[in-house]
Each structure stands twice: as structure tokens, then as C-alpha cells.
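The values are calculated or read from the model by the stated rules, or taken from the named source; none is laboratory data. Keep in mind that what you see is a predicted model, and the values were worked out from it rather than measured. Quick reminder, even Gly has a Cβ in these numbers, built from the backbone with ideal geometry, and neighbours come from all protein chains shown. Heads up: the accessible areas ignore ligands, DNA and RNA and are worked out on the full protein's heavy atoms, side chains in. Shrake-Rupley method; radii C 1.70, N 1.55, O 1.52, S 1.80 Å.
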Amino acid sequence: MNNSKKAWLYLLPALLFLLFFMVYPLIDVLIYSLEEGYNFASQTYFGVGLYNYSYVLHDPYFLQAVQNTFILVIITVPASTVLALLISTGLSSIRPLRELYQTVYFLPYVTNTLAVGLVFMILFQKTEYTDGLINLLIHWFGGSSVDFIDGPYWAKMFVLCFYTIWIVMPFKILVLTGALASVNQDYYKAARVDGTPKLRVFTRITLPMISPMLFYLVITGFIGAFKAYSDAVALFGTDLNSAGMNTIVGYVYDMLYGDSGGYPSYASAAAIILFAVVLTVTCINLLVSRKKVQY
């Protein structure tokens, strides 16, 4: 057996896994999305076309979910990446208790998402007994209380973005801390000999050296934010449509299993639209990384 056949034999388990659990489901979802009037019980439909896509794109709940998802993506991905970079830089510059600080920052990542959501509800939710800790702080600074969980749209969006950043930032801190530790110290020594300012060292040495990890976090951050659902459920419950805080993945779930469920064709059409959006954003990021990332 030559080396080429051996290589394909070694790759066969992974290829079979991708075929049965990724390629086949994607093709199946695409077929569902084109079947008009699909009946889940009888497994029948009356036509093939793009009606399901038209219905989804004109559904106010889907448009609201798209708006929420894009706002979440635009705010949380850059904010979490920049904050993680700043914290990682700070952790890399200190030696005493560095491992302790790294553990503290990583704890939210290994904590159950719903448990963290419950804590956030306690912090932000107004009840008949208390306005919540955050509102107490707002009162202390002379402001008026805000209902972050059941109140105005932007108040709820603020909590959702804050919660999402809190959840995703520990992993980014861990990755960036490792990336900063891998930078060749000879570059920093040469910069100190030349008397280079710290800001210039950071922009001309540190950022280019860790740019592969930064773009990896940005790309995975975009993909993760577009798939957001459990974060919103943890804060606002399962009826996200009435709260006005549904996401695209939440819309797909509702079409399959929610109160308006039983419409796999509509859910499949929404899933394909989400796939196209994520694929487009990922390709744009990859094209940008070819020009900006230094390997």
C-alpha cells in the first residue's frame, strides 16, 4: 500500500464523521427548505420552490431575531476581544499571583451558562422586593432605576451583550495569554536597547506576533455570536418572541419545537439563511486575515 492510500485510510474515520454528521444533514436541511407545505406527520408536501424563504424573510419574528443577532455580533465580538487583549497584556506583565489571576478570569468559562444567567437576573431584575444590585448602584450615583429584564428594548440588549461578553471573554483571555507568552523575547530586548516607547512596542511587535490568534478569536467569535441562543434563554426565559429578544437560532428552534412549532421547512429555510450569513462573514474575515495576519 503506497503512502497516498495509507493517508486516505487514516483520514477515513474523520471523513465518514464529516459526511454523516455535517454534509448529509446540511443537504437534508437544504431539501427541507425547498419543500413547500411540508407535513411532518404524513411526510408529504405539495410543491418545491422558494416560498419558505419568502415566508421567513417576511416574518416579523425572524426580522426581529436577525436584528438582535446582528446587534449582538457587532457589539460583543469586538468588545470581548479588545477587553481580553487588555487583560491578557496586564496578566503577562505581572509575575506575583499570575496563576491565581488567570484562574479567576477563567472561572466564568467553566461555570454553567444558566447558573451565570441566574446570577445576572438577580443583579439586574426588578422585583416587588428589590430593584436589584445594579439599580442600587444607579440610585447611588443619582440615576433612576431601569428594568433591565422586562423593560425597554435597549436595556435588555445591554444586559444580553454584557452577559455574552462575560461568558466568552475567559476563553479569549486564556488563548491570548498563551499567545503573548509565545512571543520571542529577543524582539522586546532589541526594542528596549533602542529605547522604543511601550505603545510602539505593543503595536509594532506584540500585535503582529499574536495576530494569528487574534483573527482566530475574531472568526470563532463571529460564528459563536451568530449561534447565540442559550444566553438569551438564561436571561429572558424560553418565550423570547414575547420578550423581543429572540435570535436566529432561537427562531429555528421555535419553528421546530416551540409554541409555533411543527414547521420544519420554515426552520430549515431560516437555518440555511443563517448558514449563508455565517459563511459570508467567515470568508470575508479569512480574506482580510490574508492581508493583515503575519505568520
Looking at (1) within 23 Å of the chain's Cα centre (by Cα); (2) more than 30 Å from residue 212 (Cα to Cα); (3) modelled with pLDDT under 80, which one does residue 102 not meet, given that it meets all the others? (2)
Identity of the residue in the stretch 216-269, of a type in the set (Phe, Trp, Tyr) and over 24 Å from residue 33 (Cβ atoms), that ends up surrounded by the fewest Cβ atoms within 10 Å (Cβ to Cβ): 216
Go through (1) modelled with pLDDT of 90 or more; (2) part of a loop (DSSP other than H, G, I, E, B) for residue 41 and report which single condition fails. (1)
Per the filter on the stretch 45-61, residues of a type in the set (A, V, I, L, M, F, W, C) and closer than 13 Å to residue 272 by Cβ are 50, 56, 57
At least 1 residues that are free of Cβ contacts under 8 Å to residues at least 40 places away in the same chain, open to solvent by 80 Å² or more (accessible area, probe 1.4 Å) and of a type in the set (D, E, K, R) in each: list the helices (runs of 4 or more DSSP H) lying fully within the stretch 54-148 that qualify. 98-110
Collect the residues in the stretch 194-206 that are open to solvent by less than 50 Å² (accessible area, probe 1.4 Å) and either within 10 Å of residue 183 (Cα to Cα) or out of contact with any helix residue (DSSP H, G or I) (no Cβ under 9 Å at 6 or more places or on another chain) (or both), keeping them in residue-number order. 205, 206
Test residue 164 against the stated conditions and say whether it is under 19 Å from residue 76 (Cβ atoms), polar (S, T, N, Q) and open to solvent by less than 90 Å² (accessible area, probe 1.4 Å). yes
How about the stretch 207-275: which helices (runs of 4 or more DSSP H) wholly inside it have at least 2 residues that are on the phi > 0 side of the Ramachandran plot, free of Cβ contacts under 8 Å to residues at least 12 places away in the same chain and not charged (D, E, K, R)? none
Looking at the structure I just gave you, is residue 27 open to solvent by 80 Å² or more (accessible area, probe 1.4 Å), under 22 Å from the mean Cα position of the chain (by Cα) and among the β-branched types (Val, Ile, Thr)? no
Given the criteria among the aliphatic types (A, V, I, L, M) and open to solvent by 80 Å² or more (accessible area, probe 1.4 Å), does residue 284 qualify? yes
Within the stretch 169-186, can you find the residues that are within 20 Å of the chain's Cα centre (by Cα), of a type in the set (A, V, I, L, M, F, W, C) and open to solvent by less than 50 Å² (accessible area, probe 1.4 Å)? 169, 173, 175, 176
